[in-house]
Amino acid sequence: MSSNLAEKLEQEYDLDNDIILLADGFEDAFIGLGKQFTNLYAVYDRQKCIDILMQRDGMDHEMAEEYFEYNVQGAWMGNKTPLFLTRS
């Protein structure tokens with residue numbers, strides 16, 4: 001978890017001891033918080049995550065998308081697993 005992003009969230013939002021799980025290494029793809037009933041979730045732009053993998057790790061688009069789907073989007077971290085938004 002990025003301490004800078006975590007600190008920013010704590011400063012900007014009154015989280016009332018809510019735990020927000022963040023996706024390591026994808027701070028630039030973070031777009032905000034989503035809420036469902038009483039649960040808060042970190043929300044990321046899916047395409048920006050793939051772009052980060054391509055730029056940071058030198059993957060081509062197909063490889064980055066496959067890696068993202070299996071290792072990032074497909075990683076279950078419990079009820080606070082981050083959400084990945086696909087823009088239409």
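Points to keep in mind about this one:
- All conditions but one from (1) modelled with pLDDT under 95; (2) of a type in the set (Val, Ile, Thr); (3) in contact with a Gly (Cβ under 9 Å, 6 or more places away or on another chain) apply to ILE52; the one that does not is (1).
- Scanning the range 29-49 for residues that are closer than 13 Å to ARG87 by Cα and of a type in the set (Val, Ile, Thr) yields ILE31, VAL43.
- Close pairs (6 angstrom Cβ cut-off, 6 or more residues apart or separate chains): more than 17 Å from ALA29 (Cα to Cα) in the range 57-85, acidic (Asp, Glu) and modelled with pLDDT under 95 anywhere: none
- Selected residue [surrounded by 10 or more Cβ atoms within 10 Å (Cβ to Cβ), out of contact with any helix residue (DSSP H, G or I) (no Cβ under 9 Å at 6 or more places or on another chain) and at pLDDT 90 or above] from GLY25, GLY34, GLY78: GLY34
The values are calculated or read from the model by the stated rules, or taken from the named source; none is laboratory data. These numbers were taken from a predicted model, which means no experiment stands behind them. Quick reminder, even Gly has a Cβ in these numbers, built from the backbone with ideal geometry, and neighbours come from all protein chains shown.
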